[in-house]
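Trainee: My questions will all concern the structure given below.
Just so you know, all these numbers are worked out from the coordinates, no wet-lab data involved. What you are looking at is a predicted structure, and each value in this text was computed from that prediction instead of being measured. All Cβ positions, even for glycine, are placed from backbone atoms using ideal geometry, and neighbour counts span all protein chains on display.
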Amino acid sequence: MHNRRRIYEGKAKILFEGPEPGTYIQFFKDNATAFNAKKHAVIDGKGVLNNRISEYIFIQLKRFGLPTHFIKRMNMREQLIRSLEMIPLEVVVRNIVAGSLSKRLGLEEGMTLPRSIIEFYYKKDELDDPIVSEEHITTFGWASPQELEDIISLANRMNDFLSGLFLGVGIKLVDFKIEFGRLWEEEIMCIVVADEFSPDSARLWDITTNKKLDKDLFRQDMGGLIEAYQEVARRLGIINENEIFRAKGPVLVK
Ligand code: TMP
């Protein structure tokens, strides 16, 4: 790492001050957490893979015409991004029932939803990121009605585009979490896609076997996380057969 000022440290990433005003450096750690960090491990090589996968996805989103915070990848673990005023929401888009949706409503995991669903969670670790409605968001001023409309539109476009992209490499995009921020340019503000897109923050299943290729392998103690993330990277054409990251296996942190 470097001597830059640390702006914020999250569970899987660190934000450092960037080389120019208006920029940050986003550093991908090897830490894996689940259940609001009640479960924690260090998984050798995860940060490197997520940096590469997220870079690839954000470049594709930009090509597709979606505004994002991404500028460029700097090295194995870091990317240069625009600094934003973050909206304190985790936006989850779901195509297939899994995870908390399955638990909350007693639905069988794997059922394809008749239409995709967007959910909002208020980002507040002390409260375990509670689910909130659009009315909570506008009433408490986390986003204005217009901003919320932009967020929903961007999340839907992102879902349509990425569902197709993953289908093309034999993967079902079951669900994903994304965050948004305000980017100010002169007097103009626009809502842009922020955070990351990786198998930490999305559910990805093999199209024929339904094999999980995401962080549920860690959440459910199934093992093989690095191999699964490598598989995603390989299918997307990000790494080739010879580029295998050495993995020691997860180390539990108490
Ligand atoms: P959930 O089913 O546990 O609500 O998760 C939905 C999606 O959001 C799943 O792809 C995992 C992702 N996610 C995060 O990225 N961070 C979180 O803190 C949680 C709870 C879920």
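Trainee: What number, rounded to the nearest 500 deg cm²/dmol, is the helix-based mean residue ellipticity at 222 nm of the chain, given -39500 (n - 2.57) per DSSP H run of at least four residues and division by all its residues?
Mentor: -8500 deg cm²/dmol
Trainee: What residue among Glu85, Glu186, Glu243 shows peak mean-square fluctuation when the chain is described by a Gaussian network model with Cα springs under 10 Å?
Mentor: Maximum fluctuation in the GNM of the chain, among the listed residues, is at Glu186.
Trainee: Please give the peptides 214-224, 47-57, 105-115 ranked by average Cβ packing (other Cβ atoms within 10 Å per residue), highest first, as a rough proxy for protection.
Mentor: Ranked by mean Cβ neighbours within 10 Å, highest first: 47-57, 214-224, 105-115.
Trainee: What residue among Lys13, Lys46, Lys38 shows peak mean-square fluctuation when the chain is described by a Gaussian network model with Cα springs under 10 Å?
Mentor: Judging by the Gaussian network model, the answer is Lys38.
Trainee: By its C-alpha gyration tensor, with a ≥ b ≥ c as the square roots of the eigenvalues, how is the stretch 135-254 shaped: rounded for a/c under 1.5, else prolate for a/b larger than b/c, else oblate?
Mentor: prolate
Trainee: Check the stretch 1-143 and count each lysine pair with an alpha-carbon distance under 16 angstrom, considering only pairs eight or more places apart or from different chains.
Mentor: Value for the stretch 1-143: 13.
Trainee: What is the Rg over Rh value, at two decimals, for the chain, using alpha-carbon atoms and the Kirkwood definition of Rh?
Mentor: Radius of gyration relative to Kirkwood radius: 0.94.
Trainee: How high is the relative contact order of the stretch 1-102? Use alpha-carbon pairs under 8 Å, at least six apart in sequence, and give a whole percent.
Mentor: 21
Trainee: In terms of the Cα gyration tensor, with a ≥ b ≥ c the square roots of its eigenvalues, is the stretch 71-172 rounded because a/c is under 1.5, prolate because a/b exceeds b/c, or oblate?
Mentor: In terms of gyration-tensor shape, oblate.
Trainee: Return a whole-number percent for the relative contact order of the stretch 48-189, with Cα pairs under 8 Å and 6 or more residues apart as the contact set.
Mentor: Over the stretch 48-189, the number comes to 26 percent.
Trainee: State whether the stretch 141-193 is rounded, prolate or oblate according to the following rule on the C-alpha gyration tensor (a ≥ b ≥ c being the square roots of its eigenvalues): a/c under 1.5 gives rounded; otherwise a/b larger than b/c gives prolate, and the remaining case gives oblate.
Mentor: Prolate, since a/c reaches 1.5 and a/b exceeds b/c.
Trainee: Can you check what the net charge comes to around Ile25, using other residues whose Cβ is under 14 Å from the Cβ of Ile25 (Lys, Arg +1; Asp, Glu -1)?
Mentor: Its environment carries a net charge of +3.
Trainee: Using the eigenvalues of the Cα gyration tensor, what equivalent ellipsoid semi-axes result for the stretch 1-76 when each is taken as the square root of five times the eigenvalue, whole Å, largest first?
Mentor: Output for the stretch 1-76: semi-axes of 22, 17, 12 Å.
Trainee: Okay, moving on. Given charges of +1 on the Cβ of Lys and Arg and -1 on the Cβ of Asp and Glu, with all other atoms neutral, how large is the dipole of the chain about its Cα centre, in debye to the nearest 20?
Mentor: Rounded to the nearest 20 debye, it is 900 debye.
Trainee: With an 8 Å Cα cut-off and a minimum separation of 6 or more residues, compute the relative contact order for the stretch 76-140 in percent.
Mentor: This gives 29 percent for the stretch 76-140.
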